[in-house]
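Just passing along the structure, written as structure tokens.
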Amino acid sequence: MSNTSSFKLVLLGESAVGKSSLVLQFVKQQFDEYRESTIGAAFLTQTVKVEDGSNVKFEIWDTAGQERYKSLAPMYYRGAQCAVVVYDITNYGSLEKAKSWITELQRQADPDIIIAVCGNKSDLAERRAVTSDQVQKMFEGEEGLLFVETSAKSGDGVQALFTVLAEKLHNS
Ligand code: GDP
Ligand code: MG
């Protein structure tokens with residue numbers, strides 16, 4: 001019998017950056033071009049095995065990015081041990097939005113929250129509008145953030161993102 005610990009994870013970021021698609025890829029290894037957008041928030045769980053054989057169970061709150069749901073966000077990040085803040089590498093504005101989510105998390109969420117900044121849609125590299133230099137500049141001087149790029153479409157980087165988070169949570 002291996003032991004399992006559970007962690008609450010919240011996904012934040014502008015609408016249409018691919019939050020729901022990331023979760024679908026992580027939980028079901030699927031991608032669906034024509035998914036309906038999230039209303040309010042969706043809840044899913046997924047368990048990953050970490051190095052020492054223990055299980056880390058993610059309790060995932062996938063929030064809706066629309067402004068009209070913004071006031072609900074604290075309900076989801078409150079008590080979260082982990083946040084994935086997503087932007088779209090083809091949309092610079094979505095990086096600025098990610099920055100504002102991170103500022104809000106740093107002010108209002110658990111001070112020990114582990115935050116990953118995730119640049120999604122890496123399969124659309126030919127339309128890239130955000131470089132790693134710009135990301136570095138945006139988050140200069142901020143400590144403890146993880147930076148990753150993913151494609152919810154191809155699956156690139158998706159398992160890696162959640163595995164890194166699982167290891168970090170497990171060892172914290
Ligand atoms: P959310 O509003 O942040 O949950 O975004 P969705 O997951 O609903 O995705 C918004 C749109 O972007 C959908 O049309 C997805 O098919 C598309 N999308 C999401 N992730 C990717 C990706 O990694 N690559 C590409 N090419 N499209 C993606
Ligand atoms: Mg969604």
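The values are calculated or read from the model by the stated rules, or taken from the named source; none is laboratory data. Fair warning: this is a prediction, and the values are worked out from it, not measured in the lab. With ideal geometry, Cβ positions are generated from the backbone for all residues, glycine too; neighbour counts draw on all protein chains shown. Note: accessible area is taken over every heavy atom of the protein model, side chains too, but ligands, DNA and RNA are not part of it. Shrake-Rupley method; radii C 1.70, N 1.55, O 1.52, S 1.80 Å.
Residue under question is THR45, and the condition is that it be free of Cβ contacts under 8 Å to residues at least 40 places away in the same chain, among the β-branched types (Val, Ile, Thr), away from ligand 1 (no atom under 16 Å from the Cβ) and closer than 22 Å to GLY157 by Cβ; does it hold?
yes
Looking only at region 1-13, count how many residues are under 19 Å from ASN91 (Cβ atoms) and more than 7 Å from ligand 1 (Cβ to nearest atom).
2
Return the total of residues in region 103-143 being open to solvent by less than 60 Å² (accessible area, probe 1.4 Å), of a type in the set (Lys, Arg) and assigned to a helix (DSSP H, G or I).
Total satisfying the criteria: 0.
Further question: Of the residues that sit in region 73-93 and are out of contact with any strand residue (DSSP E or B) (no Cβ under 7 Å at 6 or more places or on another chain) and open to solvent by 40 Å² or more (accessible area, probe 1.4 Å), which one is modelled with the lowest pLDDT?
Step by step, filter region 73-93, then rank; the result is MET75.
Next question, about the same structure. Can you name every residue in region 49-65 that is away from ligand 2 (no atom under 16 Å from the Cβ) and open to solvent by less than 20 Å² (accessible area, probe 1.4 Å)?
Across region 49-65, the qualifying residues are VAL50, SER54, VAL56, PHE58.
Moving to a separate point now. Check off (1) within 16 Å of VAL85 (Cα to Cα); (2) in contact (Cβ under 8 Å) with a residue 40 or more places away in the chain; (3) touching a helix residue (DSSP H, G or I) at 6+ places or on another chain (Cβ under 7 Å); (4) open to solvent by less than 30 Å² (accessible area, probe 1.4 Å) for GLY155 and give me the number that stays unchecked.
Result: GLY155 passes all but (1).
Further question on the same structure: Checking the conditions here, which among VAL23, VAL17, VAL10 is buried (at least 18 other Cβ atoms within 10 Å of the Cβ), assigned to a loop (DSSP other than H, G, I, E, B) and modelled with pLDDT of 95 or more?
It is VAL17.
Is it true that SER100 is polar (S, T, N, Q), open to solvent by 30 Å² or more (accessible area, probe 1.4 Å), out of contact with any Phe, Trp or Tyr (no Cβ under 9 Å at 6 or more places or on another chain) and not in a helix (DSSP H, G or I)?
No.
What is the residue count in region 124-144 for residues that are within 17 Å of VAL85 (Cα to Cα) and either within 16 Å of ligand 2 (Cβ to nearest atom) or touching a Phe, Trp or Tyr at 6+ places or on another chain (Cβ under 6 Å) (or both)?
1
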